[in-house]
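Please read the structure below before turning to the comments.
What follows draws every value from the coordinates through simple rules; no lab data is involved. What you are looking at is a predicted structure, and each value in this text was computed from that prediction instead of being measured. Cβ placement follows ideal geometry from the backbone for every residue including glycine, while neighbour counts extend to all protein chains displayed.
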Amino acid sequence: ITITVPSNTVMTVVNSSGLNVMKSVSAAEAGVGDTLTYTVRIQNIGTVAATNVSFVDPIPSGTTFVANSVVI
């Protein structure tokens, strides 16, 4: 006698956020007085919204921040 007992298949979906951060600069080298443009791209590649996220990008030494130049 063979008895077959079907089992229940359980699928668990894990929802999580995942941030991808990429930073680029407009020139590999710069001289005194040149302007560099930094671009930062932050992308949520997860399955749910990312919450309580903060981003800090220190100004590189030897450079000066140009007021009112940030574009979001």
Could you list all residues from segment 22-56 that are closer than 22 Å to residue 66 by Cβ, surrounded by 10 or more Cβ atoms within 10 Å (Cβ to Cβ) and in contact with a strand residue (DSSP E or B) (Cβ under 8 Å, 6 or more places away or on another chain)? 23, 25, 26, 36, 37, 38, 39, 40, 42
Within the bounds of segment 24-43, is there any residue that is β-branched (Val, Ile, Thr), assigned to a loop (DSSP other than H, G, I, E, B) and in contact (Cβ under 8 Å) with a residue 12 or more places away in the chain? yes
Find the residue count for segment 53-72, including only residues that are of a type in the set (S, T, N, Q) and either in contact with a Gly (Cβ under 9 Å, 6 or more places away or on another chain) or more than 30 Å from residue 18 (Cβ to Cβ) (or both). 4
Being free of Cβ contacts under 8 Å to residues at least 60 places away in the same chain, over 30 Å from residue 14 (Cβ atoms) and not aliphatic (A, V, I, L, M) narrows it down to one of 63, 47, so name that one. 63
